[in-house]
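Below: one structure, written as structure tokens.
The values are calculated or read from the model by the stated rules, or taken from the named source; none is laboratory data. Since the model is a prediction, treat every value here as computed from it, not as a measurement. As a convention, Cβ positions derive from the backbone with ideal geometry for all residues, glycine included, and neighbour counts pool all protein chains shown. Keep in mind that these areas ignore ligands, DNA and RNA; they rest on the heavy atoms of the full protein, side chains included. Shrake-Rupley method; radii C 1.70, N 1.55, O 1.52, S 1.80 Å.
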Amino acid sequence: MATTQQQPVQQIQQLQSTNPVEVYSALRTIKNAIIGSNAKKTLYYQLQIIPHVSSLLALDDTDVQIRVQATTIVSSLAHKGEDVAQQLVDGGVMEALIGQVMPGTDAALMEASERALNALLGYKATRMGAEEHTHTMVPYLLSIITEAKESPRMFEMRMHA
């Protein structure tokens, strides 16, 4: 029988699997364990989960459902404290999260990404670290403005049709 410590180690090892079902299953189990549990967040943090989650988010071809689980883990870990949030930013999650809130993104993924960004940017150090990603945020903000300006016109065009 596996000890309590072995199960998290096995789950982290599963994150390296080439089988997306195994990766999703491990992420979901980890997510469910860490949400609301500082002890589990500490355990997974000590087991070096951040590089695994960061690498999953960095891949362009990662399945949306895997991204949602990984992003939710990032959000939960960010609530552990400023040091953990800073390590997440240093691990490269910021650019992936910003990319996941672009127009056209899956709604569940966008919502999870917004929560994760909110959690990460809740600390002064990570807000300062986020400034290096402004080149990524500017096109996103412009797309929101453009979309907002086009939406009323589209509504008016439909009304007159």
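Name, by its number, the condition in (1) of a type in the set (A, V, I, L, M); (2) in contact with an Asp or Glu (Cβ under 8 Å, 6 or more places away or on another chain); (3) at pLDDT below 95 that does not hold for Met1.
Answer for Met1: the failing condition is (2).
In region 90-129, what residues are over 11 Å from the mean Cα position of the chain (by Cα), part of a helix (DSSP H, G or I) and of a type outside the set (Gly, Ala, Ser)?
Asp90, Lys124, Thr126, Arg127, Met128
Pairs please, first residue from region 77-92 and on the phi > 0 side of the Ramachandran plot, second anywhere and open to solvent by 50 Å² or more (accessible area, probe 1.4 Å) and not in a loop (DSSP other than H, G, I, E, B), Cβ atoms under 7 Å, 6+ apart in sequence or on different chains.
From region 77-92, the pairs are Gly92/Ala58.
When you look at Lys41, is it open to solvent by 30 Å² or more (accessible area, probe 1.4 Å) and without any contact (Cβ under 8 Å) to a residue 60 or more places away in the chain, yes or no?
no
Exactly one condition in (1) within 26 Å of Gly81 (Cα to Cα); (2) at pLDDT 95 or above; (3) of a type outside the set (Asp, Glu); (4) open to solvent by 50 Å² or more (accessible area, probe 1.4 Å) is false for Asn19; which is it?
Looking at each condition in turn, Asn19 falls short on (1).
From Thr62, Thr29, grab the single residue that is among the hydroxyl-bearing types (Ser, Thr, Tyr) and modelled with pLDDT of 95 or more.
Among Thr62, Thr29, only Thr29 is among the hydroxyl-bearing types (Ser, Thr, Tyr) and modelled with pLDDT of 95 or more.
Given the structure, is Leu109 buried (at least 23 other Cβ atoms within 10 Å of the Cβ) and either on the phi > 0 side of the Ramachandran plot or not basic (Lys, Arg) (or both)?
Against the criterion (buried (at least 23 other Cβ atoms within 10 Å of the Cβ) and either on the phi > 0 side of the Ramachandran plot or not basic (Lys, Arg) (or both)), Leu109 does not qualify.
Just the residues that are open to solvent by 20 Å² or more (accessible area, probe 1.4 Å) and of a type in the set (A, V, I, L, M), please, taken from region 57-67.
The answer is Ala58, Leu59, Val64.
Could you please give the count of residues in region 22-38 that are surrounded by 18 or more Cβ atoms within 10 Å (Cβ to Cβ) and over 21 Å from Gln87 (Cα atoms)?
So the count comes out to 3.
Report, by residue number, each residue of region 44-53 that is of a type in the set (A, V, I, L, M) and open to solvent by less than 30 Å² (accessible area, probe 1.4 Å). Give the steps one after another, and end with the answer.
As a first pass, look at region 44-53 and keep what is of a type in the set (A, V, I, L, M): 47, 49-50, 53.
Within region 44-53, Ile49, Ile50, Val53 meet the criteria.
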